[in-house]
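The structure under discussion appears below in the form of structure tokens.
The values are calculated or read from the model by the stated rules, or taken from the named source; none is laboratory data. Quick caveat: nothing in here was measured; it's all calculated off a predicted structure. A quick note on method: Cβ atoms are made from the backbone with ideal geometry, for glycine too, and the neighbour counts reach across all protein chains shown.
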Amino acid sequence: MRKRRVAVLISGAGSNMAALIDAGLAPDTAFEVVLAVSNIANAGGLAVAEAKGVAVQTIPHAAFGRDRAAHERAIDEALKAHGVEMVALAGYMRVLTPWLVGGWRGRMINIHPSLLPLYPGLDTHARALAAGDAEAGCTVHGVTEGVDEGPILGQVRVPVLHDDTPASLAERVKTAEHRLYPRVLHAVCNTLD
Ligand code: GRF
């Protein structure tokens, strides 16, 4: 089996990225992470990727001012230079333009810490608690032009406990994210041409 070459786009700690890198090392996993790209120069995940022997590239959006298209062209060039076949967004905190989304259609997925279509956007855990939900969870979905929209590819549910805070719920959901994302990415890579 040929492993699909995956890039992970991050802006922060990169714990989902780390889960994907680790999963990709198993011989029977359909992918390997070959590149981590961050739009934030000192994102914690960069050192994590480096320590795991994955190529990293920092492409700060700030360096491009308001020119979103130029920033995304630079990302696209990096992806192509590394022979990337599939892109996993993992805490990448920029909305992508239709140009990059369109160019990677069917080959770009995202993880979101809620049971979509509930709670797209930010502060998902606080919103789930405020609503009195009995369950929370995470979703991996295909990336389309709308934020946190796109076909749902997999979900994991976790219970909400009576004394949960947004932080404690986030931690339980994060553990579920680390199980879900490698599983879905593996399945998607198995369906690629
Ligand atoms: C995760 O909760 C993910 O679902 C969301 O951003 C967070 C990133 O966390 N999109 P990490 O950087 O993977 O630790």
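Quick check, is residue 54 within 21 Å of residue 191 (Cα to Cα), of a type in the set (A, V, I, L, M, F, W, C) and modelled with pLDDT of 95 or more? Spell out the reasoning first.
On the way: within 21 Å of residue 191 (Cα to Cα): no; of a type in the set (A, V, I, L, M, F, W, C): yes; modelled with pLDDT of 95 or more: yes.
Considered against the rule, which asks whether it is within 21 Å of residue 191 (Cα to Cα), of a type in the set (A, V, I, L, M, F, W, C) and modelled with pLDDT of 95 or more, residue 54 comes out as no.
Could you run through segment 55-68 and say how many residues are among the hydrophobic types (A, V, I, L, M, F, W, C) and farther than 16 Å from residue 80 by Cα? Break it down into steps so the answer makes sense when it comes.
Just the residues of segment 55-68 that are among the hydrophobic types (A, V, I, L, M, F, W, C), to begin with: 55-56, 59, 62-64.
Then drop every residue that is not farther than 16 Å from residue 80 by Cα, which leaves 62-64.
Qualifying residue count for the region: 3.
Report, ordered by the first and then the second residue, all pairs with beta carbons closer than 8 Å, sequence separation of six or more or different chains, a first member in segment 10-25 that is more than 19 Å from residue 42 (Cα to Cα), and a second member that is more than 6 Å from the ligand (Cβ to nearest atom) and among the acidic types (Asp, Glu).
24/32; 25/32
Is one or more of the residues making up segment 141-156 within 22 Å of residue 191 (Cα to Cα), part of a strand (DSSP E or B) and among the hydroxyl-bearing types (Ser, Thr, Tyr)?
Scanning segment 141-156, I find no residue that is within 22 Å of residue 191 (Cα to Cα), part of a strand (DSSP E or B) and among the hydroxyl-bearing types (Ser, Thr, Tyr), so the answer is no.
Can you tell me how many residues within segment 150-169 are of a type outside the set (Val, Ile, Thr) and crowded, with 17+ Cβ neighbours inside 10 Å? I'd like the intermediate steps shown before the answer.
Of segment 150-169, the ones of a type outside the set (Val, Ile, Thr) are 150-151, 153-155, 157, 159, 161-164, 166-169.
Then keep just the ones that are crowded, with 17+ Cβ neighbours inside 10 Å; that gives 150, 153-155, 164, 169.
Number of matching residues: 6.
Go through segment 81-130 and give me each residue that's in a helix (DSSP H, G or I) and either more than 11 Å from the ligand (Cβ to nearest atom) or closer than 17 Å to residue 38 by Cα (or both).
Kept after step one, since they are in a helix (DSSP H, G or I), are these residues of segment 81-130: 81, 98-103, 124-130.
Listed by number, the residues that qualify are 81, 98, 99, 100, 101, 102, 103, 126, 127, 128, 129, 130.
Go through the residues of segment 56-74 one by one and say whether even a single one is within 17 Å of the chain's Cα centre (by Cα), assigned to a helix (DSSP H, G or I), within 16 Å of the ligand (Cβ to nearest atom) and at negative phi.
Of the residues in segment 56-74, the ones within 17 Å of the chain's Cα centre (by Cα) are 56-59, 72.
Narrowing the set further to residues that are assigned to a helix (DSSP H, G or I) leaves 72.
From the residues that got through so far, the ones that are within 16 Å of the ligand (Cβ to nearest atom) too are none.
No; the residues of segment 56-74 include none that is within 17 Å of the chain's Cα centre (by Cα), assigned to a helix (DSSP H, G or I), within 16 Å of the ligand (Cβ to nearest atom) and at negative phi.
Go over the candidates 45, 53, 65 one by one and state the one that is under 23 Å from residue 19 (Cα atoms) and surrounded by fewer than 19 Cβ atoms within 10 Å (Cβ to Cβ).
On the way: 45 fails: surrounded by fewer than 19 Cβ atoms within 10 Å (Cβ to Cβ); 65 fails: under 23 Å from residue 19 (Cα atoms).
Every option except 53 fails the conditions.
Given the condition within 13 Å of the ligand (Cβ to nearest atom), within 27 Å of residue 173 (Cβ to Cβ) and touching a Ser or Thr at 6+ places or on another chain (Cβ under 7 Å), answer yes or no: does some residue in segment 19-31 qualify?
No - not one qualifying residue is present in segment 19-31.
I need the full set of residues from segment 121-140 which are in contact with an Asp or Glu (Cβ under 7 Å, 6 or more places away or on another chain) and surrounded by 16 or more Cβ atoms within 10 Å (Cβ to Cβ), in order please.
Residues of segment 121-140 in contact with an Asp or Glu (Cβ under 7 Å, 6 or more places away or on another chain): 121, 129, 138.
Result: 129, 138.
Just to be sure, is residue 74 of a type outside the set (D, E, K, R), modelled with pLDDT of 95 or more and over 21 Å from residue 98 (Cα atoms)? Before you say what the answer is, go through the steps one by one.
On the way: of a type outside the set (D, E, K, R): yes; modelled with pLDDT of 95 or more: yes; over 21 Å from residue 98 (Cα atoms): no.
No, not satisfied.
Among the numbered criteria (1) closer than 30 Å to residue 76 by Cβ; (2) surrounded by fewer than 22 Cβ atoms within 10 Å (Cβ to Cβ); (3) within 16 Å of the ligand (Cβ to nearest atom); (4) within 15 Å of the chain's Cα centre (by Cα), which single criterion is violated by residue 186?
Residue 186 satisfies every listed condition except (3).
From 176, 187, 131, grab the single residue that is over 30 Å from residue 27 (Cβ atoms) and of a type in the set (A, V, I, L, M).
Numbers: 176 fails: over 30 Å from residue 27 (Cβ atoms); 187 fails: over 30 Å from residue 27 (Cβ atoms).
Being over 30 Å from residue 27 (Cβ atoms) and of a type in the set (A, V, I, L, M) holds for just one of 176, 187, 131, which is 131.
Name, by its number, the condition in (1) surrounded by fewer than 15 Cβ atoms within 10 Å (Cβ to Cβ); (2) β-branched (Val, Ile, Thr); (3) closer than 19 Å to residue 7 by Cα that does not hold for residue 147.
(3)
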